[in-house]
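Remarks on the structure that follows.
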Amino acid sequence: MDDRALRELFVVPFECSALLNAHAQCIARTGEWRECTATQEAKDACIEHGERRRFELERQCRRWKRLYQSCLLIGLGADCTKQLESFRSCVGDALQQLPAQTVDR
């Protein structure tokens, strides 16, 4: 799992950028948000799914995330590669254990 994939699991808009763009284009095209309820609902559902998934991943990988963040905060030229790899590994394992409705959109 690369940095971009990891970031998309934890940072809003998660993997929903295309839906956000589609909604923005709908509003720009129509000039009326009430005419874009389908794109709004799809965007909201995607973000809600991402929030539920992030919550579960953070719950399962809290320890590894904190060790990595602690390493970064201590700084002073510390090499945090080991802590990052442990966190990535935990996230990868946790993703495989999540129910299908939590992983798939």
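Taking 0.36 nm per residue of sequence separation and removing the Cα-Cα distance, the Glu48/Asp3 pair yields an extension gain of 14.0 nm. Size estimate for the chain follows the Kirkwood approach: the inverse of mean 1/r over distinct Cα pairs works out to 15.5 Å.
With a/c under 1.5 counting as rounded, go ahead and sort region 36-78 into rounded, prolate or oblate using the C-alpha gyration tensor (a ≥ b ≥ c being the square roots of the eigenvalues; past the cut-off, prolate if a/b is larger than b/c, else oblate).
On the way: a/c = 8.20, a/b = 2.67, b/c = 3.07.
Oblate shape, in that a/c is at least 1.5 and b/c is the bigger or equal ratio.
Say we join alpha carbon atoms closer than 10 Å with springs in a Gaussian network model of the chain; which of Cys80, Cys16, Cys61 then has the biggest fluctuation? So, out of Cys80, Cys16, Cys61, the one fluctuating most is Cys80. Remark: the chain carries 68 Å² of accessible area per residue (probe radius 1.4 Å; ligands, DNA and RNA excluded). Shown for the chain: the carbon plus sulfur share of the solvent-accessible area, taken with all protein chains present and a 1.4 angstrom probe, equals 52%. For Asp93 and Leu72, the FRET efficiency from 1/(1 + (r/R0)^6), where r spans their Cβ atoms and R0 equals 25 Å, is about 0.70. Among Ile74, Ile47, Ile27, the largest mean-square fluctuation in a Gaussian network model of the chain, built with springs joining Cα atoms closer than 10 Å, belongs to Ile74. Result for the chain in a Gaussian network model with C-alpha springs under 10 Å: among Asp79, Asp93, Asp44, the largest mean-square fluctuation is at Asp79.
Against the chain, whose longest principal axis comes from its Cα atoms, helix 17-30 is set at around 20 degrees.
The values are calculated or read from the model by the stated rules, or taken from the named source; none is laboratory data. Remember, predicted model here, so these are calculated numbers, not experimental data. Note that we place each Cβ from the backbone using ideal geometry, even for glycine, and neighbour counts take in every protein chain shown. Please note that ligands, DNA and RNA were not included when accessible areas were found on the heavy atoms of the full protein model with its side chains. Shrake-Rupley method; radii C 1.70, N 1.55, O 1.52, S 1.80 Å.
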